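Participant: The structure is given below, and queries will be raised subsequently.
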Amino acid sequence: MPPVKRVLILGSGFAGLWAALGAARRLDELGVAQSDVDITVISSQPYHDIRVRNYEADLSPCRIPLRELLDPAGIGHITADVTGIDASTATVSTAGGATLGYDRLVLAVGSKVAKPDLPGLAEFGYDVDTYDGAMTLQAHIRSLAGSKSDPASATAVVVGAGLTGIETACELPQMLADALGPGVTPRVILVDHNPHVGSDMGDSARPVIEDALADNKVDTMTGEGVAAVDERRVTLSSGEVIPAATLVWCAGMRANRLTAQFGVPCDRLGRLPVDDYLRVEGINHVFAAGDVAAAKMDDEHQSVMSCQHGRPMGRYAGYNVISDLLGAPMLSLRIPWYVTVLDLGPAGAVYTEGWDRKVVSRGEEAKATKRVINGERIYPPLTGVRAELLAAAAPNLQAPPAYGQ
């Protein structure tokens, strides 16, 4: 009897989950028994977290136990921190001392916010990079209710005016108001070293974002950075000191440091180069998807760190890793459209199309689209039905989200 082949998938985010389900689906398509190929997910948390919603006030729908998604599909899962990958021996090591071999590997361990070594940031800074980080921030904000009402307690500084920073800043005024109670006017300041907020969103969206920030009573400080943080103060690079009990760091993302283990040149974000089949260039039997991979979306543009690209990259990586293992045809991935839907809190949202980010919808109309994306479109089936989970993992490209309907 031939030995069981093993496919390891590292990570359980958007790319990792869909790679696992896509691999199980491909086994079914090829008529291969699950007893012949073991698919196992290794993740630091036993959950699939809807990470892109961490800026929201209600995170109760944002953490899904992996057992509810993987067990019905016959996919194994191990909760462990991966500490090493040796492609020469096709093994993965974990913090618990385990070593696991693989026949094929999918790296989908995602990214993390890049925090510089600033005085006080590690001790007094918060983030919404993970579910646990977002919950810690919310607990901190609730704790302010018992503190003396002063400018520091009522003030939050958000660092980084990219998408995550803008979405977080737009939610914080209400979160602070709910915690501090009547008679206190919260102040939220969005700080960025660039000359404009939303610098990646282009000229078309910038006026919409600026108007929304003003409507939400969010102050902006551009061309400015942070030099130090303590429990009740934020010191800017200009030397100005802002009394603030809350600092949320949203500036910059980096791929998981495991990408460096393969010894191939990574891009400026630490992402591995992959071909159109999501195979890591120059490394045998290893695929990568999501935020750890730099994949071509068309002839001019590479993937961005987003669930918009991570989900299809995962599905195609899962399909292709099984195809490669069993000598079946693979599918190349190209995505011919790109959109951005940015939540602007009480001011609605802004929806852009194309890599030049032309605004096509704004306000409540765009907010309705954002609600569908955050609450429905990016979720796996939650029925626990194997057929539905595998059907959702088909390597098909979704159409862009609808708007104006």
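Participant: Step through the table entries K296/K358; K115/K367; K296/K367, compare each Cα-Cα distance with 25 Å, and write down the pairs that go over it.
Facilitator: Too far apart for the 25 Å limit: K115/K367; K296/K367.
Participant: Same structure again: Which net charge results for the neighbourhood of P380, defined as the other residues with beta-carbon distances under 15 angstrom from its beta-carbon, given Lys and Arg at +1 and Asp and Glu at -1?
Facilitator: Result for the local shell: +4.
Participant: Hey, any idea what the orientation-averaged projected area of the convex hull of region 308-405's Cα atoms comes to, in nm²?
Facilitator: 7.7
Participant: Let me ask something else about it. Let's see if you can work this out: charge +1 on each Lys and Arg Cβ, -1 on each Asp and Glu Cβ, no other charges. What is the dipole magnitude of region 11-57 about its Cα centre, in debye to the nearest 20?
Facilitator: Taking the Cα centre of region 11-57 as origin, the dipole is about 180 debye.
Participant: Quote the Stokes-Einstein diffusion coefficient, in whole µm² s⁻¹, for the chain, based on the Kirkwood radius over alpha carbon pairs, a temperature of 25 °C and a viscosity of 0.890 mPa s.
Facilitator: Answer, rounded: 111 µm²/s.
Participant: How long, wide and thick is region 223-306, going by the Cα atoms along their three principal axes, in whole angstroms, largest first?
Facilitator: Per principal axis, max minus min of the Cα coordinates gives 52, 28, 18 Å.
Participant: Alpha carbon centre of region 303-371 versus region 19-86: separation in Å?
Facilitator: 20
Participant: Over region 65-108, what per residue volume does the convex hull of the Cα atoms give, in whole Å³?
Facilitator: In region 65-108, the Cα hull volume divided by residue count equals 92 Å³.
Participant: Keeping every protein chain present and rolling a 1.4 Å probe, give me the accessible area per residue for the chain in Å².
Facilitator: Accessible area per residue, the chain: 43 Å².
Participant: Then there's this: Ordering C307, C62, C266 from largest to smallest accessible area (1.4 angstrom probe), what's the sequence?
Facilitator: C266, C307, C62
Participant: On to the next question. How far apart, in nanometres, would the label points at R67 and T185 be if each is projected 7 angstrom from Cα along the Cα-to-Cβ direction?
Facilitator: 5.2
Participant: Moving on to the next point. Report, as a whole number in µm² per second, the diffusion coefficient that Stokes-Einstein gives for region 233-282 at 10 °C and 1.306 mPa s using the Kirkwood radius over alpha carbon pairs.
Facilitator: Rounded, D is 112 µm²/s.
Participant: Quick check: residue separation of H301 and Y379 times 0.36 nm, minus the Cα distance between them. What number comes out in nm?
Facilitator: The H301-Y379 span can extend by a further 25.5 nm.
Participant: Calculate, axis by axis, the spread of Cα positions in region 1-80 along the three principal axes, and write the results as whole Å, longest axis first.
Facilitator: That gives 53, 26, 17 Å along the principal axes, largest extent first.
Participant: Order the following by accessible area, largest value first: T130, T155. Probe radius 1.4 Å; ligands, DNA and RNA are ignored.
Facilitator: Result of the area sort, largest leading: T130, T155.
Participant: I've got another one for you. Please give, to one decimal in nm, the separation of the simple spin-label points placed at D275 and A214, each 7 Å out from Cα toward the Cβ.
Facilitator: 5.3
Participant: Mean shadow of region 1-158, computed from the convex hull of its alpha carbons, in nm²?
Facilitator: 12.6
Participant: Here is a follow-up. At 37 °C and a viscosity of 0.692 mPa s, what translational diffusion coefficient does Stokes-Einstein give for region 143-299, taking Rh as the Kirkwood radius over Cα pairs? Give it in µm²/s as a whole number.
Facilitator: 183
Participant: If you don't mind, there's one more thing I want to ask. Relative to the present Cα-Cα distance, how much length would full extension add between S44 and S93 at 0.36 nm per residue of separation?
Facilitator: 16.4 nm
Participant: Oh, and also: For region 142-232, with equal point scatterers placed on the C-alpha atoms only and solvent neglected, what are the log10 I(q)/I(0) values from the Debye formula at q = 0.15, 0.20, 0.26 1/Å, to two decimals?
Facilitator: Taken in order of the listed q values, log10 I(q)/I(0) reads -0.58, -0.93, -1.31.
Participant: Related question: Restricting to the chain, what percent of DSSP beta bridges are antiparallel, rounded to 5?
Facilitator: 50
Participant: Size of region 86-147 along its principal axes in angstrom, Cα-based, largest extent first?
Facilitator: Answer, in whole Å and largest first: 55, 23, 21 Å.
Participant: For an R0 of 22 angstrom, estimate the FRET efficiency from the Cβ-Cβ distance between W337 and K115 and round to the nearest 0.05.
Facilitator: Here the calculated transfer efficiency is 0.10.
Participant: Also, quick follow-up: With a bin width of 5 angstrom, please list the P(r) values of region 66-204 as percents of all Cα-Cα pairs, from the 0 bin to the one holding the largest distance.
Facilitator: Going from the shortest bin to the longest, the percentages are 2, 7, 12, 15, 14, 11, 10, 11, 9, 6, 3, 1, 0.
Participant: Moving on to the next point. Which length gain, in nm to one decimal place, applies between Q398 and Q174 when the Cα-Cα distance is subtracted from 0.36 nm times their residue separation?
Facilitator: Contour length minus the Cα-Cα distance gives 77.2 nm.
Participant: For the chain, what does -39500 (n - 2.57) per DSSP helix run (n ≥ 4), summed and divided by total residues, give at 222 nm, in deg cm²/dmol to the nearest 500?
Facilitator: -8500 deg cm²/dmol
Participant: With every protein chain left in place and a probe of 1.4 Å, what is the accessible surface of M253, to the nearest 10 Å²?
Facilitator: For M253, solvent-accessible area is about 70 Å².
The values are calculated or read from the model by the stated rules, or taken from the named source; none is laboratory data. No experiment lies behind these values; they were computed from the predicted model shown. Virtual Cβ from ideal backbone geometry, glycine too; neighbours counted across all protein chains shown. Areas reflect the complete protein model, heavy atoms only, side chains present, ligands, DNA and RNA absent. Shrake-Rupley method; radii C 1.70, N 1.55, O 1.52, S 1.80 Å.
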